[in-house]
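The structure under discussion appears below in the form of structure tokens.
Coordinate-derived values only; no laboratory data. Here the structure is a predicted model, which is why all the values come from computation and not from measurement. In this analysis, Cβ positions are derived from the backbone assuming ideal geometry, glycine residues included, and neighbour counts consider all displayed protein chains.
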Amino acid sequence: MDLSTPANLEIVDHLLTTTRSVRKRLDLTRPVERTVIEECLEIATQAPSGSNQQGWHFVVVTDAGLRRQIAEFYRKASANYFADRTEAVQQVGTAQMKRVLSSAQYLVEVLDQVPVHIIPCIEGRVDGRPGNQQAAFWGSILPATWSIMLALRARGLGSAWTTFHLAYEKEVSQLLGIPDTVTQAALLPVAYFTGDDFRPAERKPLDEITHWDGWKRSA
């Protein structure tokens, strides 16, 4: 299939520009089929990884008791974040910042009710290692995680890239039996989304963030 045709480009560009962090629009009552999750994970394994080592693993949590315990760690880790930011955002934050904060707080409240949690992991640890090794390490799992979110979006499911639970990574690893030699990268709460389709979000102008042939140089 030639993706460069106008019709295909429109579909691909729409997918790339409307894959949002979904929180308030997650359907907490509709089950998510295992086959759909497996399809998305299969797609994710086509992502690049350093030296093509494919050291990724995906822990899919559907058990209600496990989700409840993960959500407790998530709430504990998020408490300080919201305590530091809520007042400041309410006073001087933009309307968009207030919406994001409200959405993030909502997810804290309902995380245990989200039917699927996906925790992308990668073999190894890079704690304290040089920046180049850190970059190669994270670059071997983050593209696959984003591919999961894109594949979910294409199938009518929403997700959000979250990391609060990593403050208790060791405890969550013990809960789920994840080896000490494996690093958790994120937690994706997954459910079908409700309402209409998504739109591209407001972003900074491209000329403010693009640097040609050197920092702050323009064409």
Query raised in the report: In cubic angstrom, how much convex hull volume per residue do the alpha carbon atoms of the stretch 119-219 span?
Result: 166
**Report entry** Built amide H within the under 5 Å cut-off of V182, gap 5+
**Finding:** G124
Query raised in the report: Out of residues 5 or more away from S159 or on other chains, whose amide H comes under 5 Å of its own, with H placed 1.01 Å from N in the peptide plane?
Result: V22
Report task. At 0.36 nm per residue, minus the direct Cα-Cα distance, what do D13 and Y81 gain on full extension? Give it in nm, one decimal, please. Result -> 21.1 nm
Query - Most fluctuating residue given options L175, L41, L206, as computed from a GNM of the chain linking Cα atoms under 10 Å - result: L206
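Stretch E38-V110 to full length: gain in nm at 0.36 nm per residue minus the Cα-Cα span?
On the way: separation 72, 0.36 × 72 = 25.92 nm, distance 2.40 nm.
Additional length available on full extension: 23.5 nm.
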Query raised in the report: In the stretch 85-219, with Lys and Arg counted as +1 and Asp and Glu as -1 at Cβ, which of these residues, W215, H117, F164, has the Cα nearest the positive end of the dipole, that is, farthest along it?
Result: W215
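Given the alpha-carbon gyration tensor of the chain, what are the semi-axes of its equivalent ellipsoid in whole angstrom, ordered largest first, with each equal to the square root of 5 times an eigenvalue? Could the numbers behind the result be given before it?
On the way: eigenvalues 139, 111, 98 Å².
The three semi-axes for the chain are 26, 24, 22 Å.
Which shape class, rounded, prolate or oblate, goes with the stretch 16-105 when its Cα gyration tensor gives a ≥ b ≥ c as root eigenvalues, a/c under 1.5 marks rounded, and past that a/b bigger than b/c marks prolate? Mind dumping the intermediate values first?
Details: a/c = 1.91, a/b = 1.62, b/c = 1.18.
Prolate is the answer for the stretch 16-105, as a/c is 1.5 or above and a/b outweighs b/c.
To the nearest 20 debye, what is the magnitude of the charge dipole of the chain about its Cα centre, counting +1 on the Cβ of each Lys and Arg and -1 on the Cβ of each Asp and Glu?
Details: 23 positive and 25 negative charges, 114 e Å.
With only Lys, Arg, Asp and Glu charged at Cβ, the dipole is about 540 debye.
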Report summary line: Each label sits 7 Å from Cα toward the beta-carbon; between Q96 and R155 the label points are separated, in nm, by 3.1
